[in-house]
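Read through the structure below, which is laid out as structure tokens, and then see the notes.
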Amino acid sequence: MGSSTKMKLLFVALLCISSSVFGTEWGDVGDACVDPKAKCVIRAMDDMIANRVAWDNKTAWVAIMEEFFTEDMIYDTNYNPIEDELNNSTGIETWFYQEHIPFNLAFDNVTFNQLIFASEEETATTTTYGKGRWKGDIGTIPGSEQFGAEVTMRIFDFYIMNEDKIFYNWMLLDFVELMYYAGYRVLPKSGLREGWVQAPAAMDGIPAPISRLVDPMDGPNAKILVEEALLHDIVYGEGPSDLWNEDMSWYGPFGIGFANNKEDYEIHYLKPLREGISDRQVEINVLTCEGAYCGVNGFIHGVHTGPWLGEEATNLPIRIRFGFHYRVDVRSKVIPEGYALFDIPGAFHEVGINLFDRFTPEYAVENSLVL
């Protein structure tokens, strides 16, 4: 049998596997997925990624991903000093080389644990943590120095559909967390617990929510509350929104940490943000809700006029990429839980501060007074 014939047979087999997953694995009734359209497509795609199907065979992998992504898809991820690694890419083949392969060469067989997967028909979002072991570098983060060591990473994804395929995918890794697991504390230690995240404290499924059990009126109502809390906290408020529970749980990124009440949320996150970043405005890319679960991503725009995360004011415009997730108590009109990630290295890059220069003994975890 010739090599070209073998390759064609491989394509057929892989596409059959993909079609099987898409058509039957995730459906709740019969052979078709009955969840929101975006969730059906993304879940089938995620299964291919998580199971590393043909991960290092470009031709086969691109053929599989063409089932799920538009030809002109955009993959938008962390800032990285290497221009053609991570950052922003257009097209499936470019994504393969720019993010997919670097990720798989940096980490060994990551297990992904989705906590929230909320979807409407045309938009969707997930917040996740992954666990694996280092086997190489990711961007300029020297994971190879910790070869074989366990690594945890928080992740978000936001999606926009074009007809039946994904057109835009924003993905973010908590790079400050990965820098820590690579052996370097590039930001001052937070007064809160760092690197801690849990599934929502509700029996709504993992990941939440279970689409077929969602009240269709909850999503629009939750969206109103989330947008109000977001704008209050970031733009015009002088403290946490009244929509947050007093005993709220907020899972912030590495460098800020986990707040388990409204006071800690104010002291360790909002107050430093207000004092460090002035003239704040919010640019929203996606705001999507399914039942009591919402996600919103975009940028916080402002001016770096005060100390923030250990860095003195530069008085320069700053743009902070963010992704937030929420569990909303729609009946009581309050928010018990929130999740947040930022591209902190990317934000500091905008004001001339390079966290990627800190892979030196001065910042080594073992040399920190407090780990």
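Compute a Gaussian network model of the chain, connecting alpha carbons closer than 10 Å, and tell me which residue from Phe254, Phe117, Phe107 fluctuates the most.
Phe107
Quick check for you: with a 1.4 Å probe and neighbouring chains kept, what is the accessible area per residue of the chain, in Å²?
That works out to 42 Å² for each residue.
Please list, in order along the stretch 291-298, the HN-Hα scalar couplings obtained from phi with the Karplus expression 6.51 cos²θ - 1.76 cosθ + 1.60 (θ = phi - 60°), rounded to whole Hz, x for Gly and Pro.
Going residue by residue, I get x, 7, 10, 10, x, 9, 9, x Hz, with x marking Gly and Pro.
Between the alpha-carbon centers of the stretch 239-270 and the stretch 292-359, tell me the distance in whole angstrom.
The two parts, judged by their Cα centres, are 13 Å apart.
I'd like the carbon and sulfur percentage of the solvent accessible area for the stretch 105-251, probe radius 1.4 Å, heavy atoms only, ligands and nucleic acids excluded.
Using a 1.4 Å probe with all protein chains present, the stretch 105-251 comes out at 51 percent carbon and sulfur.
Dipole of the stretch 197-340, Cα-centred, from +1 at each Lys and Arg C-beta and -1 at each Asp and Glu C-beta, to the nearest 20 debye?
380
For the stretch 49-99, build the charge dipole from Cβ charges (+1 Lys, Arg; -1 Asp, Glu) around the Cα centre, then report which of Pro81, Ile49, Met65 sits farthest towards its positive end.
Selected residue: Ile49.
Measuring from a point 7 Å past the Cα of Glu283 along Cα-to-C-beta, which residues in the stretch 159-196 have an amide N at less than 15 Å?
Those under the cut-off are 170.
Once phi is turned into ³J(HN,Hα) by the Karplus curve 6.51 cos²θ - 1.76 cosθ + 1.60 with θ = phi - 60°, what whole-Hz value does each residue of the stretch 48-57 show in order, with x for glycine and proline?
Couplings: 5, 5, 5, 8, 6, 5, 6, 4, 10, 10 Hz.
Quick one: length gained pulling Ala201 to Ala50 fully straight, 0.36 nm per residue minus the C-alpha distance?
Full extension of this stretch gives 51.8 nm more.
Given a cut-off of 28 Å, name the pairs among Lys58/Lys131; Lys39/Lys131; Lys189/Lys271 whose C-alpha atoms lie farther apart than that in the structure shown.
Pairs exceeding 28 Å: none.
Only Cα pairs under 8 Å and at least 6 apart count here; give the relative contact order of the stretch 110-237 as a rounded whole percent.
The normalised contact order for the stretch 110-237 reaches 21 percent.
Ignoring everything except DSSP H segments at least 4 long, calculate the 222 nm mean residue ellipticity for the chain; use -39,500 (n - 2.57) per segment, divide by total residues, nearest 500.
Helix contribution divided over all residues of the chain: -6500 deg cm²/dmol.
Per-residue HN-Hα couplings for the stretch 143-157, Karplus 6.51 cos²θ - 1.76 cosθ + 1.60 at θ = phi - 60°, whole Hz, x for Gly and Pro?
After applying 6.51 cos²θ - 1.76 cosθ + 1.60, I find x, 4, 5, 10, 3, x, 7, 5, 9, 10, 9, 8, 9, 10, 9 Hz.
The values are calculated or read from the model by the stated rules, or taken from the named source; none is laboratory data. As the structure is a computational prediction, the values presented were derived from the model and not from experiment. Don't worry about glycine lacking a Cβ; one is built from the backbone with ideal geometry, like all the others, and counts go over all protein chains shown. Protein only, heavy atoms only, side chains kept; ligands, DNA and RNA dropped before computing areas. Shrake-Rupley method; radii C 1.70, N 1.55, O 1.52, S 1.80 Å.
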